Structures are given as C-alpha cells and as structure tokens.
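Below: one structure, written as structure tokens.
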Amino acid sequence: MIKTKITDMLGIKYPLFQGGMAWVADAKLAAAVSNAGGLGLIGAAAAPGEVVEAMIKEAKSLTDRPFGVNIMLMSPFADDVARICAEQKVKVVTTGAGNPGKYMEMWKAAGMKVIPVVASAALAKRMERAGVDAVVAEGTESGGHIGELTTMCLVPQVVDAVSIPVIAAGGIADARGVAAAFALGAQGVQCGTIFVCANESPACDTYKQMIVDAKDTETIVTGRNGGAPIRSLKTKFTRKLAKLEREEISQEEFEKLAAGSLRKAVQDGNLEEGTFMAGQISGLVDRIAPAKEIVDQLMASSEELLKNLVAERGIRFE
Ligand code: TUI
C-alpha cells in the first residue's frame, strides 16, 4: 500500500483525495470515497450554511473515517460555512478560489487540518506562513475554476517553495498520472473528473456518459474575461458562451447566461443551458464504477507502476 506524509497526517489508507466538486461532491460521494480509504470531500460550493451542515451530519452518519469539506471562497456563504466546519469539528477543510487566511485561527483552534488549493507558488508560500498543514497544487488541466499553470509546471515549483506536503491535482485519472505526481514531488493526489463518474456521484447519467465519451480535446475554458475561468466539456452552450466572450459581451450578460448552469448540468443533463465542468483528462475516463472500485483500482495500479516503472517503460541505464 502506498503510504506518505499525507496518509500519516490524516489517518487515511491511501494518499488520494476526491475533489470537492460543486453540486457533485455530496455527503454520499464523500462518504463512499472515505469508506474506500481515500479522503472524501463535501463540496460546499455556493450552498448556504445550513445545507452544508446537513451534509456534514449525513456524512458523519455514513462513515467513521476522516472526511473533509471544500469551501469555495467566492461563495456569499463562505463565512457561515467556515464557522460551521469549525463547530462541527470537520477533520479536514480544503478551500478553493481564494485565500482562506482570515479563517486560520478559528480552524486551528478547532484542531482541524487545513489544506488550501493553490494555483501558484506565491500563494502556497503565503499559506505556509499562515500555518496550513498542506496544500493542493491544482493545475489548469482541472475541471471547474482554474488557474494558469499546468500541473507539470505548478507542482514541482510549489514543492520547492514550501516545506509542507503538496497534493497534486489536475489531469490525474490513472496510475501514470499518480506516478508522475510522485515524481514531481507530491505526497498525494486529488482527482475530480473520475469521481463525477462514480456510481455514488449525484451527477445525472447524461453528465457521466458525456465524460466517458469525451475525447482529449473536448474541454473548453469560458469566463476568462471576468477573472473566473471555468473548464467544462464543449457543448453547443459552452461554445456559444465562448463566442459571445470573443465578441466581448458585457460581464453582466455573461453572468446572466452562466448563472445556475452547473446545477442544470448536474441535475438535469441540460445540454442547452448546462455547464458540464470536467478536466482535460476526461478523454481517459472510460467507465462509470463504484467509488470503491475506482479508488482500489487506481491505488493498486499506481503501486504496481511505481514499483516497476523503469522496467515497464524499457528504460535502461548504461
Ligand atoms: O475552486 C476550484 N474549482 C472550482 S470552484 C467552482 S464553483 C465556481 N463557479 C463559478 C465561478 C467560480 C467558481 C468550480 N470549480 N479549484 C481550486 C482553485 N483555486 N483553482 C484555482 C484556485 C485559486 C485561484 C486563485 C485559488 C486562489 C487564487 O488566488 C487567491 C489569492 O488571493 O491569490
């Protein structure tokens, strides 16, 4: 079994996080991943505090293993959710889309592990100084809200910038990605897209099948003009959004079109108005399977590959 500083720190079986995906990462998916030995995360997204509190309580009823909550810092409810996580003594909190500095004291006082998602070495350094326990370095290959740097470039630069453990995210969905992440200096990996396709994921079948059917070049980034770029699957709708952006429609008009579009994708499979957030690795994801099967298969094949990497690739040293 692969053990690292992250498995030791969090008391989990595998150094594998499930991304805290908005509308997708609910209590059932998070508990399924935690029960399988990874770290399941509830995605608080833009949900009000009481909704997140109910999800935390549900996850506690479904697993005795550690799980976490991902707080999307652009949410109008981020302050409430941050406080509720401390009250509920959630073991791990991850954050996205901003700087969680102002919550650090409260979370550390509650004995929580804090693991922000960063898209640059500069923010990673700032977070280390603020006292976080680890960082997730998330490359632009990821689905959803993204930074500029690729996983290949971001992870080693973050690893060199900080002394705390780094978890690599973005573009990882098989053993080759996991092995590459470890080679880059990561102590763990976070996967999102592959878990959208878990049986326990609440995403509708249309969404899951679109990821299974997607090819390597079938994601698109929208929202660059407004400063919140989002990667999702190419559809008639997201191509239209991209075209309107090129024509420089107003930010207001863009937001009117995009508002609620993730929920329409996850729940309704709405191709006309939905944003199906997914990473560039969608082309590699080829099946819908139980979370436990995804976790076990990914970790077993990663262990095999890491042990045999050089021999399997026909690399020789002369
Ligand atoms: O947060 C994510 N991915 C997300 S959040 C989301 S919900 C959403 N919907 C519409 C608009 C915006 C969000 C869907 N996917 N990943 C973690 C992540 N964090 N990626 C990039 C960042 C990030 C970017 C800039 C973190 C910090 C940052 O700068 C903060 C600072 O102060 O420097």
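Suppose every K and R has +1 on its Cβ and every D and E has -1 on its Cβ; what is the size of the dipole of the chain about the Cα centre, in Debye to the nearest 20?
On the way: 35 positive and 38 negative charges, 94 e Å.
In debye, rounded to 20, the chain gives about 440.
Could you size up the charge dipole of segment 160-279 around its Cα centre, putting +1 on the beta carbon of Lys and Arg and -1 on that of Asp and Glu, and report it in debye to the nearest 20?
Charge dipole, segment 160-279, about its Cα centre: 160 debye, nearest 20.
Once the Cβ-Cβ distance between residue 221 and residue 160 is put in as r, and R0 is 41 Å, what FRET efficiency do you end up with, to the nearest 0.05? If you can, show how the numbers build up before the last one.
On the way: r = 27 Å, r/R0 = 0.66.
So the FRET efficiency works out to roughly 0.90.
Under the rule of -39500 (n - 2.57) per DSSP H run of 4 or more residues, summed and divided by the residues of the chain, what mean residue ellipticity at 222 nm is obtained, to the nearest 500 deg cm²/dmol? Could the numbers behind the result be given before it?
Details: 14 runs with 137 residues, N = 318.
The helix-only estimate for the chain comes to -12500 deg cm²/dmol at 222 nm.
Given Cα pairs under 8 Å that are at least 6 residues apart, what percent is the relative contact order of the chain?
Working: 700 pairs, mean separation 52.9, N = 318.
RCO, the chain: 17 percent.
Sequence neighbours fewer than 8 away in the same chain don't count; with that in mind, list the aspartates and glutamates whose C-alpha is under 20 Å from residue 292.
26, 58, 64, 174, 200, 205, 303, 304
Once you place label points 7 Å from the Cα toward the Cβ at residue 122 and residue 106, how far apart are they in nm?
For the pair residue 122/residue 106, the computed spacing is 2.7 nm.
Any idea what the dipole of segment 215-277 comes to, in debye rounded to 20, about its Cα centre with Lys/Arg Cβ at +1 and Asp/Glu Cβ at -1? Present the calculation step by step, with values, prior to reporting the outcome.
Numbers: 12 positive and 11 negative charges, 47 e Å.
For this selection, approximately 220 debye.
How high is the relative contact order of segment 29-118, in percent, counting Cα pairs under 8 Å that sit 6 or more residues apart?
Working: 161 pairs, mean separation 23.2, N = 90.
Here the relative contact order equals 26 percent.
Once label points are set 7 Å from the Cα along Cα→Cβ at both residue 8 and residue 315, what is their separation, rounded to one decimal in nm?
Roughly 2.5 nm, to one decimal.
Arrange the peptides 114-121, 94-101 so that the one whose residues have, on average, the most other Cβ atoms within 10 Å appears first. Walk me through the numbers before you get to the answer.
Details: 114-121: 24.1, 94-101: 20.9.
Listed from highest to lowest mean packing, they are 114-121, 94-101.
Along the Cα→Cβ direction, 7 angstrom out, place labels at residue 148 and residue 54. What is the inter-label distance in nm?
Label at residue 148, label at residue 54, 4.2 nm between them.
Laboratory data are not the source of any read-out in this text; all were calculated from the coordinates shown. Because the structure is predicted, anything quoted here is derived from the model rather than measured. Neighbour counts run over all protein chains shown; Cβ positions are idealised from the backbone, glycine included.
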